[in-house]
1. What number of residues in the range 27-49 are polar (S, T, N, Q), exposed (fewer than 13 other Cβ atoms within 10 Å of the Cβ) and farther than 23 Å from VAL69 by Cα?
2. Looking only at the range 49-71, decide whether some residue is over 10 Å from the mean Cα position of the chain (by Cα) and β-branched (Val, Ile, Thr).
3. Take the residues of the range 38-52 that are assigned to a strand (DSSP E or B) and touching a Cys at 6+ places or on another chain (Cβ under 9 Å): which is nearest to SER73 (Cα to Cα)?
4. Considering each residue of the range 1-26, count those that are in a loop (DSSP other than H, G, I, E, B) and open to solvent by less than 50 Å² (accessible area, probe 1.4 Å), and give that number.
5. Identify the residue in the range 50-78 that is open to solvent by 60 Å² or more (accessible area, probe 1.4 Å) and among the hydrophobic types (A, V, I, L, M, F, W, C) and, among all such residues, is modelled with the lowest pLDDT.
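The values are calculated or read from the model by the stated rules, or taken from the named source; none is laboratory data. Computed from a prediction, not measured in an experiment: that's the story for all the values here. Cβ placement follows ideal geometry from the backbone for every residue including glycine, while neighbour counts extend to all protein chains displayed. Accessible surface is based on the protein model in full, side chains and every heavy atom, while ligands, DNA and RNA are left aside. Shrake-Rupley method; radii C 1.70, N 1.55, O 1.52, S 1.80 Å.
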Amino acid sequence: SRGVPSYNSGHIEGEIAFKDDIATNTTSEYRGTCQLIFERTGRGMNITQMGEDFDCGFGGGVYASGEYVKTSSELPTF
């Protein structure tokens, strides 16, 4: 999207099967091949993205890689 400031966004949703605290998701649905590697940690989840933003269907400059800390077990209210 454009505007001031100019932000792009991306999301992923669904279910994935873990084996030994690691799961992977690979897709070629978009421009190229994207692989997301999910690793459970004591604090939450580490995600490593192999592929560019558009390869994963995200907005320009949007990457999933990082540490995601679990802050609550309650379902969010929208």
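1. Residues in the range 27-49 being polar (S, T, N, Q), exposed (fewer than 13 other Cβ atoms within 10 Å of the Cβ) and farther than 23 Å from VAL69 by Cα: 1 in total.
2. yes
3. Among residues in the range 38-52 that are assigned to a strand (DSSP E or B) and touching a Cys at 6+ places or on another chain (Cβ under 9 Å), the one nearest to SER73 (Cα to Cα) is GLN49.
4. Selection size over the range 1-26: 2.
5. Among residues in the range 50-78 that are open to solvent by 60 Å² or more (accessible area, probe 1.4 Å) and among the hydrophobic types (A, V, I, L, M, F, W, C), the one modelled with the lowest pLDDT is PHE78.
One line per residue, one yes/no per condition, for (1) assigned to a helix (DSSP H, G or I); (2) closer than 24 Å to TYR7 by Cα; (3) touching a residue at least 60 places away in the same chain (Cβ under 8 Å); (4) touching a Phe, Trp or Tyr at 6+ places or on another chain (Cβ under 7 Å):
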residue: GLY32; (1), (2), (3), (4): no, yes, no, no
residue: LEU36; (1), (2), (3), (4): no, yes, no, no
residue: ASP55; (1), (2), (3), (4): yes, yes, no, yes
residue: GLY61; (1), (2), (3), (4): no, yes, no, no
residue: THR71; (1), (2), (3), (4): no, no, no, no
